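Below is one structure, written out as structure tokens; the observations come after it.
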Amino acid sequence: MSLPSDLPGLLEAVRACRICAPDLEHGVRPVVQAGTEARLLIIGQAPGSKVHASGKAFDDDSGNRLRDWTGIDVGTFYDPSRVADMPTGFCYPGKGKGGDLPPRPECAPRWHDALRRALPRVRLTLLVGQYAQKRYLPRGFAPNLTEAVRRWQDAPEGLFPLPHPAWRSRLWMGRNPWFEEEVLPALQERIRQVLGD
């Protein structure tokens, strides 16, 4: 099936997608945010239960932490003309033994390329968590998430790897103080440049 090439058509198609419906215990509710003028793209994992309930990207504790990391205020974060959000899986995948299940594998291959083509002004893409990094960083870039984040300066132009901002990231930050000391100031400066603030 061919996809619309215009962003409004694509967003409508994503929000109407039911490909994974039989596999989603909590139902289908694709979460995406984009505008043709957006300069920052956030590619995360998949919505959690709170985001599934609200339909609003990163509308949870993880979102609060991500906004702290990036220095982006709530108004800017939810302005689709400035910030686009495209998770690896668009719907809440449900719970597994150790937390949320992985993003559904159908979403990114189906939608990402077309959405990225429809966002011509994006200058910086945040790869939030291992699933986004696995899809967008070159094969062999780093052996694990920690090393991918540590090597942020070596990432391909326009890509910035970050850990997922779940509650566990506080423990991870405690073991990796360089993230707060070195990476976050650089990240915030890049974002200021991209958003023009």
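The values are calculated or read from the model by the stated rules, or taken from the named source; none is laboratory data. What you are looking at is a predicted structure, and each value in this text was computed from that prediction instead of being measured. In this analysis, Cβ positions are derived from the backbone assuming ideal geometry, glycine residues included, and neighbour counts consider all displayed protein chains. Protein only, heavy atoms only, side chains kept; ligands, DNA and RNA dropped before computing areas. Shrake-Rupley method; radii C 1.70, N 1.55, O 1.52, S 1.80 Å.
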Looking only at the range 40-58, count every residue that is assigned to a loop (DSSP other than H, G, I, E, B), open to solvent by 30 Å² or more (accessible area, probe 1.4 Å) and more than 19 Å from Leu11 (Cα to Cα) and tell me the total.
0
Would a scan of the range 138-161 turn up a residue that is of a type in the set (Asp, Glu), exposed (fewer than 15 other Cβ atoms within 10 Å of the Cβ) and part of a helix (DSSP H, G or I)?
yes
Just one of the numbered conditions (1) open to solvent by less than 40 Å² (accessible area, probe 1.4 Å); (2) at pLDDT 95 or above; (3) assigned to a loop (DSSP other than H, G, I, E, B) is not true of Thr36; which one?
(1)
Asp68 vs. criteria without any contact (Cβ under 8 Å) to a residue 40 or more places away in the chain, within 29 Å of Pro185 (Cβ to Cβ) and either open to solvent by 40 Å² or more (accessible area, probe 1.4 Å) or part of a helix (DSSP H, G or I) (or both)
yes
What tally of residues in the range 150-174 results from selecting those that are at pLDDT 95 or above and charged (D, E, K, R)?
4
Within the set of pairs 6+ apart or on separate chains, which have a first residue in the range 101-120 that is part of a loop (DSSP other than H, G, I, E, B) and surrounded by 17 or more Cβ atoms within 10 Å (Cβ to Cβ), a second that is among the aliphatic types (A, V, I, L, M) and at pLDDT 95 or above, and C-beta atoms under 7 Å apart?
Ala118/Leu7; Ala118/Leu10; Leu119/Ala34; Leu119/Ala38; Leu119/Leu41; Leu119/Ala84
Out of curiosity, is Glu189 open to solvent by 90 Å² or more (accessible area, probe 1.4 Å) and more than 14 Å from the chain's Cα centre (by Cα)?
no
Determine, yes or no, whether Tyr131 is of a type outside the set (A, V, I, L, M, F, W, C), open to solvent by 10 Å² or more (accessible area, probe 1.4 Å) and closer than 25 Å to Ser5 by Cα.
no
If Ala84 meets every condition in (1) free of Cβ contacts under 8 Å to residues at least 12 places away in the same chain; (2) assigned to a strand (DSSP E or B); (3) not β-branched (Val, Ile, Thr) apart from one, which number is that one?
(1)
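Within the range 13-21, does at least one residue satisfy the condition of being within 25 Å of Glu157 (Cα to Cα), crowded, with 18+ Cβ neighbours inside 10 Å, among the hydrophobic types (A, V, I, L, M, F, W, C) and in contact with a Pro (Cβ under 6 Å, 6 or more places away or on another chain)? Show your work before the answer.
From the range 13-21, those within 25 Å of Glu157 (Cα to Cα) are none; that's our starting set.
Scanning the range 13-21 turns up no residue that is within 25 Å of Glu157 (Cα to Cα), crowded, with 18+ Cβ neighbours inside 10 Å, among the hydrophobic types (A, V, I, L, M, F, W, C) and in contact with a Pro (Cβ under 6 Å, 6 or more places away or on another chain).
Hey, can you tell me all the residues within the range 162-184 that are over 15 Å from Leu124 (Cβ atoms) and assigned to a helix (DSSP H, G or I)? Step through it out loud before you land on a result.
We begin by selecting, within the range 162-184, every residue over 15 Å from Leu124 (Cβ atoms); these are 163-182.
Within the range 162-184, Ser169, Arg170, Leu171, Trp172, Met173, Gly174, Arg175, Trp178, Phe179, Glu180, Glu181, Glu182 meet the criteria.
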Given the criteria assigned to a helix (DSSP H, G or I), touching a strand residue (DSSP E or B) at 6+ places or on another chain (Cβ under 7 Å) and touching a residue at least 40 places away in the same chain (Cβ under 8 Å), does Thr76 qualify?
yes
Under 6 Å between Cβ atoms, which residue pairs at least 6 apart in sequence (or on different chains) link something in the range 134-151 that is of a type in the set (A, V, I, L, M, F, W, C) with a partner that is assigned to a loop (DSSP other than H, G, I, E, B) and surrounded by fewer than 14 Cβ atoms within 10 Å (Cβ to Cβ)?
Ala142/Arg151
